[in-house]
Amino acid sequence: MEKKQFQAESRRLLELMIHSIYTHKEIFLRELISNASDAIDKIYYKALTDDSLSFNKEDYYIKVVPDKENRTLKIIDTGIGMTKEEMENNLGTIAKSGSLAFKSENEIKDGHEIIGQFGVGFYSAFMVSDVVTVISKALGSEQAYKWESSGADGYTIEPIEKESVGTEIILKIKENTEDENYDEYLEEYGLQAIIKKYSDFIRYPIKMNIANEEKIINSMVPIWRKNKNELTPEDYENFYKEKHYGFDKPIKHIHISVDGTVRYHAILFIPEKIPFDYYTKEYEKGLELYSNGVLIMSKCPDLLPDYFSFVKGMVDSEDLSLNISREMLQHDRQLKLIAKNIKSKIKSQLLSLLKDEREKYEEFYRSFGRQLKFGVYHEFGSHKEELQDLLMFYSSKEKKLVTLEEYVSRMPEDQKYIYYATGETYERIEKMPQTELVAEKGYEILYFTEDIDEFAIKMLMTYKDKEFKSVSSGDLGIETEESQNQREDDQENIALFDSMKKILADKVKDVRASKRLKTHPVCFSTEGEVSIEMEKILKAMPNNQNIQAEKVLEINTNHPVFHSLKEAFEKDQEKFTLYTNLLYHQALLIEGLPIEDPVEFTNDICKIMV
Ligand code: ADP
Ligand code: MG
């Protein structure tokens, strides 16, 4: 018998496949089952146009037969079969699409889910087998053929007896090695689990004997192909659990069926609780991706933008090729369309949740609001417009989370800015001296307690043309009679402030009469882009040690303490220095900033006590 060589490309692929270590060898079964399903499809479509053929659904199935003793696994189908030429052409060469994906060897070595990525289906059988035998009888042929190969050294083809049309693939399963347990591909329960996982929604029955009883393993009609009206909320919840998307109960499900330029079905979930690893770099975003009922990727990251990385679920499309690499997938036009479509669906569903079920939205927001704010900040704010209406912040007036839309809609006419204050907790912000003037004006203040808040807002810059303004920033944009007086105070006390500035040297940028303080004697404001909160956050990260907020020490000239300060300035320089340092340290304490020399500070306090 003549031994034929594989075509050069196929040989290279085979070698790679056999010699590399793949983490997902089990996908060979998915590939063989999907080929079997394709083969049945082919008869089905033929029957649609050929009157001499009838398609009797019961006659078409896939059967999986493990044989532990002989270490063989058979995958039998009643599909269209292959002629001798088809065996030569289809099993001896890589399908065109496969070879495209195969451009660079490097790409292949990187991938750990190589088959899933490259879909070079049939060859994956060699990952688990020493010998692969294909016995097939094509529709309309009298003669059946046997194709056999033990890998890189080529294959043989010879005539054989076979009664019915269809294909039988016989794998001689490898012996176990130290790292790999091949036995699981001979165990009924192991096989059942693999079929469930990857091929549950194949349209034809996949049969297997379990404990000597023939069973149909796959459920065949996927929930996402069903009509929404037929499904109950429990169905979706069960699906969520079955798929292990999470242990919680999802807040919302989104069922999409699109029959437009790109056809797809999707079921998406918005979880209630944060997965334990969500805000770590271990967390992988992505949706399950099916091509016509066959799982091709369990986490396709390209389907979700980072800011919606919390969304769980799956997408099934008829328009995606199975033979598509991850590399190519990123550039796939269909996939991009689907991703875009999904993104806007998620957004509109979140907005309607916010509108109609506010409590649920707030619950969602407590878990994932941070991610949305990261989304505003990331990529230089390129998604900020998309996300701004999903944001919420705690309001000084409402004492609950409010949206920017709500804030702006009730701004008094004379209010120029959207005010915010940053701090560790709502309680601490409430007591911040810097909020006094804004609060007295009756303006609402948004409380920022998360690291990301101020960074996100700096990226947003404006909402509905209103600028954001920190209550600690130099100019609050509020003109009052007092601020006129304050300016005069500044003039009047110019020598005093200069002197304080000298004492504090490079610790502050300026010392001024405050326009914002009402009852407190002292506070900091900042100039420039970096606020005190931002300085704290940035300093906590490596490489940012030099970042400094430009601090201005503001003194309340109406406070009794100021009169003592003035008196000391005129009469007692030593006391004046002491007071200046004390006021500076008080401002640090109010901001929650560390005091550089606590011993000196307590000594200073003792000095005024004795
Ligand atoms: P793909 O399925 O993406 O075309 P595969 O490597 O999985 O690539 O299969 C190669 C080809 O071999 C198929 O396109 C098909 O023509 C043929 N083939 C494989 N398995 C079967 C089968 N069970 N019945 C009929 N033809 C098959
Ligand atoms: Mg295939």
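Tabulated data for the structure shown
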read-out	value
First in the stretch 496-510 and closer than 16 Å to residue 561 by Cβ, second anywhere and not in a helix (DSSP H, G or I), Cβ under 7 Å, 6 or more apart	497/511; 497/512; 500/511
When residues of the stretch 45-90 are limited to those that are within 13 Å of ligand 1 (Cβ to nearest atom) and surrounded by fewer than 14 Cβ atoms within 10 Å (Cβ to Cβ), the one modelled with the lowest pLDDT	89
Inter-residue pairs, beta-carbon under 9 Å, first free of Cβ contacts under 8 Å to residues at least 40 places away in the same chain and part of a strand (DSSP E or B) and in the stretch 126-143, second within 16 Å of ligand 2 (Cβ to nearest atom) and of a type in the set (S, T, N, Q), 6+ apart	135/167
Residue in the stretch 510-531 that is part of a helix (DSSP H, G or I) and not aliphatic (A, V, I, L, M) present	no
Filter pass, residue 546 being farther than 21 Å from residue 505 by Cβ and out of contact with any His (no Cβ under 8 Å at 6 or more places or on another chain)	no
Residue in the stretch 407-416 that is crowded, with 21+ Cβ neighbours inside 10 Å, not assigned by TED's automatic domain parsing to the domain that holds residue 462 and not charged (D, E, K, R) present	no
Selected residue [under 17 Å from residue 493 (Cα atoms) and either buried (at least 16 other Cβ atoms within 10 Å of the Cβ) or of a type in the set (Phe, Trp, Tyr) (or both)] from 563, 585, 559	559
Set 507, 502: member being at pLDDT 90 or above, surrounded by 13 or more Cβ atoms within 10 Å (Cβ to Cβ) and out of contact with any Ser or Thr (no Cβ under 9 Å at 6 or more places or on another chain)	507
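The values are calculated or read from the model by the stated rules, or taken from the named source; none is laboratory data. Note that this is a predicted model, so its numbers are computed, not measured. Reconstructed Cβ throughout: ideal geometry from the backbone, glycine too, with neighbour counts over all protein chains shown.
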